[in-house]
Structures are given as structure tokens and as C-alpha cells.
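S.K.: Have a look at this one.
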Amino acid sequence: MLIRDIMSKKLVVVHSDTPLVEVARMIFEHNFNGLPVTDNDGKLLGLVTQQDLISHTNSLHLPT
């Protein structure tokens, strides 16, 4: 088995200026553990995960 056999084919990304609430909604709606973060040219900047949202957003209420 190869990674292409299990990866998501429909690309869903967020930008570095996407509000955290929107990122959380997208992760939940797509049942993902995280999303790639890109700049406006589509260059990969990093990844944001569910764990990032949980551990770094004490002031933001995210449903569990």
C-alpha cells in the first residue's frame, strides 16, 4: 500500500490569516486531524492540527 492509496484527494487548505474558529469548523466538517497552511501563492507554510487548536486556544471555546 502506498500513501496515495489512503490520502485525501480533495485538497482543503487554510491561509495564515484564516480565523481559528473557521479552521476548527473546517477540520470538523471534513473529519480531518489537521490542515495544510499556505500563503496566497499556494506555498506550504506548515500544518495546523486539532492538537494545536486544543493546546494553544485557551481563550477560544472549541467543542470537544
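S.K.: For segment 30-50, give me the residue count where each residue is in a loop (DSSP other than H, G, I, E, B) and surrounded by 11 or more Cβ atoms within 10 Å (Cβ to Cβ). So that I can check it myself, show each step before the final result.
M.R.: Just the residues of segment 30-50 that are in a loop (DSSP other than H, G, I, E, B), to begin with: 31-33, 39-43.
Next, from what is left, pick out any that are surrounded by 11 or more Cβ atoms within 10 Å (Cβ to Cβ): 32, 39.
The qualifying residues number 2.
S.K.: If I ask for residues that are modelled with pLDDT of 90 or more and open to solvent by 70 Å² or more (accessible area, probe 1.4 Å), which ones from segment 16-29 would you list?
M.R.: Within segment 16-29, S16, D17, P19, R25, F28, E29 qualify.
The values are calculated or read from the model by the stated rules, or taken from the named source; none is laboratory data. Fair warning: this is a prediction, and the values are worked out from it, not measured in the lab. Because the Cβ atoms are built from the backbone with ideal geometry, glycine has one as well, and the counts that use them run over all protein chains shown. The accessibility values were calculated without ligands, DNA or RNA, using every heavy atom of the protein model including side chains. Shrake-Rupley method; radii C 1.70, N 1.55, O 1.52, S 1.80 Å.
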